[in-house]
Number of protein chains: 2
Amino acid sequence: MAASDAQLARMAQKLRRHSLESTTEAGSGHPTSCMSMAELMSVLFFSEMRFDPADPSGSDADVFVLSKGHAAPILWATLKEAGAIEDDLLTLRRLDSRLEGHPTPLVPWVRVATGSLGQGLCATVGMAWARRTEGAPGRVFALMGDGEVAEGSVWEAAAFASFNGLDNVTAIVDVNRLGQSGPTMYQHDTAVYEARFRSFGWEAVTVDGHDVKAVREALAAGRNAKGKPFALVARTLKGKGVSFLEDKEGWHGKPVKKGEELQKAVAELGDTDITLPVEARRYSPITERAPVPPAVAPAYKMGQEVATREAYGTALAHLGAHCPQVVALDGDTKNSTFAERFKAVDPHRFAEAYIAEQNMVGVALGVSTEGKIPFASTFACFLSRAYDFIRMAAISRPSHLVLCGSHAGVSIGEDGASQMALEDLAMMRAITGATVLYPSEAVSAERLVELAARTKGIVYIRTSRPKTKVIYANDEQFVVGGSKTVRSSDKDRVTIVAAGVTVEEALTAHERLAAEGIATRVIDLYSVKPVDVDTLQRAASETKAVLTVEDHSVHGGIGDAVAAAVSGRAPVTMLGVREIPRSGKPAELMAMHGIDADAIVRAVRALA
Amino acid sequence: MAASDAQLARMAQKLRRHSLESTTEAGSGHPTSCMSMAELMSVLFFSEMRFDPADPSGSDADVFVLSKGHAAPILWATLKEAGAIEDDLLTLRRLDSRLEGHPTPLVPWVRVATGSLGQGLCATVGMAWARRTEGAPGRVFALMGDGEVAEGSVWEAAAFASFNGLDNVTAIVDVNRLGQSGPTMYQHDTAVYEARFRSFGWEAVTVDGHDVKAVREALAAGRNAKGKPFALVARTLKGKGVSFLEDKEGWHGKPVKKGEELQKAVAELGDTDITLPVEARRYSPITERAPVPPAVAPAYKMGQEVATREAYGTALAHLGAHCPQVVALDGDTKNSTFAERFKAVDPHRFAEAYIAEQNMVGVALGVSTEGKIPFASTFACFLSRAYDFIRMAAISRPSHLVLCGSHAGVSIGEDGASQMALEDLAMMRAITGATVLYPSEAVSAERLVELAARTKGIVYIRTSRPKTKVIYANDEQFVVGGSKTVRSSDKDRVTIVAAGVTVEEALTAHERLAAEGIATRVIDLYSVKPVDVDTLQRAASETKAVLTVEDHSVHGGIGDAVAAAVSGRAPVTMLGVREIPRSGKPAELMAMHGIDADAIVRAVRALA
């Protein structure tokens, strides 16, 4: 039986009470940010949304994303009241509790971690797109704050959603007028938000967010809107329901005091004695194509010249043809990253994200939560645009999220510094739990694509623009955390650790040094993280010195990883980019920045 | 004498010719992206803009930012034709030329490097804001591509500009319909762009971008628009003027072939024989307040407990009171970063950037080009949002750009992982030329703020949420590249390298270990980059082992920096965050992640 508006309103008051009590008990948190959205949560969970409180996993249900993650207490309260979780709400923010200060997937109802604003809608839109590709039912809802809508990524997601006709998305903006440190830009001028969503191709409606009937009817109308995503702009009051909190500045992120203050606040909420059973409602499940273990089939000749970015495209297309769970995204660079080869195989599982890298990564994360293996590619330097999204994605612990950055380093040549990724290894190494792979030629590129699809969590693949010679047999095997010692003897005096385009340089240097009577070991460090500590430590012990050479900043990349791994067993000298590069030919730039064969030869002579 | 429309149209053809010839000579580049905007450039530089071709520096002139940086060839051609540069256009993209593939300040007319799309408008808006704070005249123009407008940062800048009433800004969108890898989202549906700019508070007009008269008249109207920024949406054709390039897919980033193909293209442009002298036109210069050397005045008692973030605010306010060249920005976190103390001193030199960190950094960069020293602050984790902007800012070689990230690491406590910066040291270390400072207590925090204001280029200051005890005298001096050896003896067995909140932990561990008879050296590594190699190498040589301890990912931060610096002189053991953190009390989390005094004691015992 449907809950009445009066019951939904009382439930809203109860959610406010929980939000107040749990934050007061925790001694920190954002009660007033919860209180503005209590009716929105009550209507969503106890009237609008179809889901089974016993099953957080199903794709045959509606999904809710709390994009304004600081309102976590009311999410926990709502899930508890809906019978979806059993946790004690008063354990909020404690080390022994799943109820964190901002939502994380420790609670399985949370698909994506939030708390960095402006990201929830991107993931939501990704879920909607993934459902659309499968013909899967179910709506996805994202609830944002008004301050949050200043993030440009919100508008990237808005454009993606309308461009793709995702009418299974509803965005709700809780316009409570007050940000963290003062009023928001537009305060209660809700017309601004409505006009912006409309100009981005959405249907949009403004309501009093504390009017249960109005919210309920607007969401119902949104459910029936066809062809366009739907935005509900809700005018609300921060701290609503308690006189000394309501619409007051100075109360962001601040709980009320235990004792009298809390009692006074709770008393103002009136009678909160209500329980509303949630009826388990699901959509008919769809039959997804069964996943197929990812495998590639490299077919190169030794010595053949192929860019790793091209091999990436070939491998990705192979996965596209055989593994229905693999999807691909790209940011209007698909002809350069070679993701276009995937699109050629199955355009329906390819998302053109256009020039909006934050949203591309957010969409990919959302896609992942629908059971897919997303590969998202662009120039490696432009993944830095999405660094906060990658950081947050790590906290979301996705089962799969593969990022490919092409055109790494100065070896791209004439386009100049703006297009050269020199920080991507550092940024990806610092992401907790991320795997970082960097192929030097085509066979390893294909194998690392396969490995990426088989590896849990976030995997970064770094590809290069120039062609490099194939040095591995097609059946060569690679593992996460491995390396290849491509040249070695018991007379090696120096170990050269290279990766990507510098492997070829190291091999050239090896030959030239051998002619001078200097034996060198050459390691292809294709797994930058985790790094092959055993092989590196053995090489450090067996040779006099270690030399690293990378087409990347000398800080935070391969040099640092190797120095940390060998930890005192040998001195580590680092060749890498130390100055801002410029336009020029690839070979000229590699020489100028001291990472070519000549530079390696010079450095080894000095060390040997 | 004003150039006629016919003359401007012929100049546009000449600029096309230059763009074709220079890219063909270079063998790479984006001629068709230049050709769509030839009339726009011709009207801007030879009719609309006031500037002195002999002086690229003045604030008493209009400024142009080519946000679609891949169209650099037509910028170089226009500057050459205007008499602003003397370079040979046919040296485009050569190592010995200033005329790079994307604009960089090697040519002084380029204030900010572009080539990562969606950034130019943010910097432009920053220049406009800085001029407004000084009452300085002159308009600023940003020219963007249509594909570029998909970047959310464009809309962050748009909101900032209209919110601040910056009617000295003009944005031009060259809607040429074609992106890199296919058509843009909206192709020639210019109404979409006009509606979006209007919904973001701009005046907006659409014209045929190849109609010189229409462009000229629209820009003149925009010049007179009051109270709102002005957007010119120009419908254009990519490759305009040459039949086999015009509006054709497959020609992005591709020069025509030397010989017959180039001859055919040039022939189609018709008569390009024209020279238009640019009259030197300036505004009346304003009298800026003379800069004052930055200095702070820390006033703490030894042992007093003060958070470094608070000391940052105190020092910043001091600079605000005494140095008119210092400005501050914050992203709706000013009550947490303590930037609000600057606002209290001089609200006119404070910019509230709201929750839009990309634009905040872009605006700060633009502000810097107006001769200011900008300090931009937010939670350290949210600076990752602006990483691509920071990367590009480095290429822009700003005289000053100070970024402050507060709330670093797990020591923030209950808010949980989404609010904890664990990657910021890695990301900032990898930025070429950037300085990275990390105070452990209030005196060093203030001194490092002073140092940041005196240091050229990009400076990052990392502050912490918890209070820490003051350990330095108020007159203690600090230098970029320095460190403080706060405990040492000739019996030291292990060197502990700490920074920020871990210095206090290291000092506690030092005492406890001393009681056990284990002497340790303690280094406060307040300058993370450049790092004090001499002191670290000496410590490594004088002790048996080095232990690093940081409230940051164990990858890419202090551990890596120290391992690289000591390079084999001693084994380096690293304590840092290795797992995704969660909500909890600061002390609990520091214990859980093994970076507190207990963890240090255990590690030192194992090493000693």
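The values are calculated or read from the model by the stated rules, or taken from the named source; none is laboratory data. Here the structure is a predicted model, which is why all the values come from computation and not from measurement. Note that we place each Cβ from the backbone using ideal geometry, even for glycine, and neighbour counts take in every protein chain shown. These area figures cover heavy atoms from the full protein model, side chains too; ligands, DNA and RNA do not enter into them. Shrake-Rupley method; radii C 1.70, N 1.55, O 1.52, S 1.80 Å.
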- Message: Sequence gap at least 6, Cα distance under 8 Å: using those rules, report the relative contact order of chain A to the nearest whole percent.
- Response: 12 percent
- Whole-percent tail of the Cα-Cα distance distribution for region A:180-339, cut at 25 Å, equals 65 percent
- Dimensions (Å) - chain A, Cα atoms, principal axes, largest first: 89, 50, 41
- Nearest 10 degrees, 0 to 90: what angle lies between the long axis of helix B:533-542 and the longest principal axis of chain B (Cα atoms)? 30 degrees
- Note on the structure: Output row for A:Arg512: copy-to-copy label distances, label 7 Å along Cα→C-beta, ascending, in nanometres, one decimal, is 5.4
- Rounded to the nearest Å, the spacing of the alpha-carbon centers of region B:1-52 and region A:444-467 is 43 Å
- Query: With point charges of +1 on the Cβ of Lys and Arg and -1 on the Cβ of Asp and Glu, referenced to the Cα centre of the protein assembly as shown, which listed residue (B:Asn164, B:Leu422, B:Ile395) lies farthest in the positive direction of the dipole?
  - Reply: B:Leu422
- Item | Cα-centred dipole magnitude for the protein assembly as shown, charges only on beta-carbon of K, R (+1) and D, E (-1), debye, nearest 20 | 840 debye
- Message: Can you compute 3J(HN,Hα) from phi for each residue in region A:18-35, using the Karplus curve 6.51 cos²θ - 1.76 cosθ + 1.60 with θ = phi - 60°, rounded to whole Hz and x for Gly and Pro?
- Response: 4, 5, 5, 5, 6, 6, 5, 4, 6, x, 7, x, 10, x, 5, 5, 6, 5
- Task: Quote the total accessible area buried by chains B and A together, excluding ligands, DNA and RNA, probe 1.4 Å, nearest 100 Å².
- Result: 8000 Å²
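To the nearest 500 deg cm²/dmol, what mean residue ellipticity at 222 nm is calculated for chain A from DSSP H runs of n ≥ 4 alone, each contributing -39,500 (n - 2.57), summed and divided by the residues?
Rounded to the nearest 500, it is -11000 deg cm²/dmol.
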- Note on the structure: Ranking A:Ile471, A:Leu121, A:Thr91 by how far each Cα lies towards the positive end of the charge dipole of chain A (+1 on Lys and Arg Cβ, -1 on Asp and Glu Cβ), the top one is A:Ile471
- Task: Rounded to whole Hz and in sequence order, give me ³J(HN,Hα) for region B:259-266 from the Karplus expression 6.51 cos²θ - 1.76 cosθ + 1.60, θ = phi - 60°, writing x for Gly and Pro.
- Result: x, 4, 5, 5, 4, 4, 4, 5
- Query: Give me the Kirkwood hydrodynamic radius of region A:371-429 in Å, from all C-alpha pairs, to one decimal place?
  - Reply: 12.3 Å
- If the convex hull is drawn through the Cα atoms of the protein assembly as shown, its volume per residue in Å³: 156 Å³
- Message: Give me the one-decimal nm value for the distance between modelled label points at B:Arg132 and B:His322, 7 Å along each residue's Cα-to-Cβ direction.
- Response: 3.0 nm
- For region B:189-242 and region B:564-598, compute the distance between their C-alpha centroids and round to whole Å. 54 Å
- Task: Rounded to whole Å, how close does chain B get to the rotation axis onto A by Cβ? Give me the residue too, please?
- Result: B:Gly152, 1
- For B:Glu542 and B:Gln263 in one chain, what is 0.36 nm times their gap in residues minus the Cα-Cα distance, to one decimal in nm? 93.3 nm
- What Kirkwood hydrodynamic radius, in Å, does region A:388-512 give when the mean of 1/r is taken over all pairs of distinct Cα atoms and then inverted? 15.9 Å
- How much accessible surface does A:Glu305 have with a 1.4 Å probe, in Å² rounded to 10? 90 Å²
- Can you list residues whose amide H is under 5 Å from A:Gly179's amide H, if they're 5+ apart or on another chain and H is modeled 1.01 Å from N? A:Thr184
- Message: Once R0 is set to 41 Å, what does the formula 1/(1 + (r/R0)^6) return for the Cβ-Cβ distance between B:Ala220 and B:Ala297, expressed as a FRET efficiency to the nearest 0.05?
- Response: 0.20
- For the pair B:Arg605 and A:Glu246, how long in nm is the line joining their label points, each one 7 Å along Cα→Cβ? 5.9 nm
- Message: Can you compute the charge dipole magnitude of chain A about its Cα centre, using +1 on each Lys and Arg Cβ and -1 on each Asp and Glu Cβ, nothing else charged? Give it in debye, rounded to the nearest 20.
- Response: 460 debye
- If one compares the long axis through the Cα atoms of helix A:597-607 with the longest principal axis of the Cα atoms of chain A, the angle in degrees, nearest 10, works out at 80 degrees
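With every protein chain present, what is the per residue accessible area of region A:339-402 (1.4 Å probe, Å²)?
Heavy-atom SASA per residue in region A:339-402 reads 19 Å².
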- Karplus-derived HN-Hα couplings along region B:370-377 (A = 6.51, B = -1.76, C = 1.60, θ = phi - 60°), whole Hz, x at Gly and Pro: 9, x, 9, 10, x, 10, 10, 10
- What is the projected area of the convex hull of the Cα atoms of region A:1-143, averaged over all directions, in nm²? 8.2 nm²
- Task: Work out the charge dipole of chain A with +1 on the Cβ of Lys and Arg and -1 on the Cβ of Asp and Glu about the Cα centre, then indicate which of A:Ala499, A:His348, A:Ala195 is farthest towards its positive end.
- Result: A:Ala499
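What is the ratio of the Cα radius of gyration of region B:214-288 to 2.2 N^0.38 Å, where N is its residue count, to two decimals?
Numbers: Rg = 19.1 Å, N = 75, 2.2 N^0.38 = 11.3 Å.
My calculation over the Cα atoms of region B:214-288 gives 1.68.
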- Item | Å² of accessible area per residue within region B:259-322, as computed with a 1.4 Å probe and no ligands counted | 57 Å²
- Measuring label to label, 7 Å along Cα→Cβ, what does A:Glu246 give against each other copy in nm, shortest first? 6.6
- What Kirkwood hydrodynamic radius, in Å, does region A:484-608 give when the mean of 1/r is taken over all pairs of distinct Cα atoms and then inverted? 14.1 Å
- Query: So, with a 1.4 angstrom probe, what is the percent of accessible area on region A:388-521 that is carbon and sulfur?
  - Reply: 46 percent
- Query: Where the only charges are on Cβ atoms (+1 Lys, Arg; -1 Asp, Glu), what is the dipole of region A:344-500 about its Cα centre, to the nearest 20 debye?
  - Reply: 380 debye
